[in-house]
1. So if we plug the beta-carbon distance of Asp44 and Val332 into 1/(1 + (r/R0)^6) with R0 = 35 Å, what FRET efficiency do we get, rounded to 0.05?
2. Where in the chain are the helices, taken as whole DSSP H runs, whose Cα atoms extend 15 angstrom or more along the long axis and whose Kyte-Doolittle mean reaches at least 1.0?
3. Magnitude of the Cβ-charge dipole of the chain, K/R +1 and D/E -1, about the Cα centre, nearest 20 debye?
4. Among Gln89, Leu316, Leu336, whose Cα projects farthest towards the positive end of the dipole of the chain, with charges put on the beta-carbon of Lys, Arg (+1) and Asp, Glu (-1)?
5. In whole angstrom, how far apart do the alpha carbon centroids of the range 233-260 and the range 130-175 sit?
6. Using per-residue counts of other Cβ atoms within 10 Å, averaged over each peptide, order 166-175, 187-196 from highest down.
7. How would the range 258-306 be classified by its alpha-carbon gyration tensor: rounded, prolate or oblate, with rounded meaning a/c under 1.5 and the a/b versus b/c comparison settling the rest?
8. For Ser172 and Ala318, what does the FRET efficiency come to when R0 = 30 Å and r is the distance between their Cβ atoms, rounded to the nearest 0.05?
Amino acid sequence: MSDSPHRRFNPLTNEWVLVSPQRTKRPWLGQVEEKKKIDLPHYDPECSLCPGNTRASGDKNPNYENTFVFNNDFPALLPESSVSQSVRQHQLFRQEPETGYCKVVCFSPRHDLTLPDMSVEEVETILNTWTIESETLGARDDISYVQVFENKGAMMGCSNPHPHSQIWATSSIPNEPAKELASQREYFQDNKTPLLIEYTKIEKLTAERLVASNEHFIAVVPFWAVWPFEVMVVSTQQISRLADCTNEMRKNLAEIMLEVTKRYDKLFGVSFPYSMGFHQAPYDGKAHPEWILHSHFYPPLLRSATIRKFMVGYELLAMPQRDITAESAAKVLRELAV
Ligand code: H2U
Ligand code: ZN
């Protein structure tokens, strides 16, 4: 790959990213975040997610043993909306009602664990829980999309270290999945094969952006990655939702998620912050032969546990930009001894 500035195209979102590999040598005078060594208890009496504790709603958590799901006490969406479709005086002032459901999925009763500390079986149990919740919410007439995501670390705005994820299910398809739907559909119509199946084949062959792979999944720093150590986990099989996974695929998925998150933690010697989530086919009652199950990991760290990438300036005003190439980032992650 060239060391000169160039731009790369993201075929999933139809957006470009500016790559400036020659800039990695510039001096750094920006913010240095403090590296904190966190020593957490197994159980925290103040934690709203720990077993047996009372949440903001007044509900008491059961003494759960693996995963635990509850309705978010501060939901961003509600099942009903009083906003009417007809409030529209001008095309420049569009609004629509949005309804939905918000859930919290605790990974473990242990307050001090994170995903990479868990066993393959424990991650399989989490995957099972996400699968059941996705299918249950997705089966509703008032739901078109189910977003499963984990926000990890204080740097990502996550205030509680207790390992947990969220599920937001909405009546409409949100921006990112909507862009991916349009692109995957168009590619499938034109090429009679899913975009991401074609992509995984090439990534497996060239292997230069590969971080890990097994029989049913690959983990790559995508060619068009924006975040320095962004990773996409993609199914190499034609499946479009978590529920399409066989037991063997689910095991493979758990294994590759552990592989990625363990490498992340090793990279800068800290519990690696990120936002990650699954992109499953919409639950809009249509067939989705174009859609391939995948997840995105978006971590903010750039050069150390304390030096993060900011999406500011040119990125906010023009387009995303990165210095270190996807190939170099993948090589660093791949060559870590875990
Ligand atoms: P934190 O705000 O502690 O990170 O909580 C994680 C999620 O759990 C968050 O989405 C929800 C928050 O809304 N939550 C409850 O539903 N009930 C509570 O008592 C505290 C946190
Ligand atoms: Zn806790």
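1. Numbers: r = 34 Å, r/R0 = 0.98.
That pair, Asp44 with Val332, gives E of 0.55.
2. On the way: long enough: 120-138 (26 Å, -0.05); 175-191 (24 Å, -1.76); 195-206 (17 Å, 0.24); 247-268 (33 Å, -0.69).
Flagged H segments: there are none.
3. Values: 35 positive and 43 negative charges, 237 e Å.
Dipole magnitude for the chain comes out near 1140 debye.
4. Leu316
5. Value for the Cα centre distance between the two parts: 18 Å.
6. By packing density, highest mean first, the sequence is 166-175, 187-196.
7. Numbers: a/c = 4.39, a/b = 3.17, b/c = 1.38.
Since a/c reaches 1.5 and a/b is larger than b/c, the shape of the range 258-306 is classed as prolate.
8. Details: r = 28 Å, r/R0 = 0.95.
After rounding to 0.05, the efficiency reads 0.60.
The values are calculated or read from the model by the stated rules, or taken from the named source; none is laboratory data. Everything numeric here is computed off the predicted structure, so don't read it as measured data. Using ideal geometry, Cβ is built from the backbone for each residue, glycine included, and neighbour counts are taken over all protein chains shown. Please note that ligands, DNA and RNA were not included when accessible areas were found on the heavy atoms of the full protein model with its side chains. Shrake-Rupley method; radii C 1.70, N 1.55, O 1.52, S 1.80 Å.
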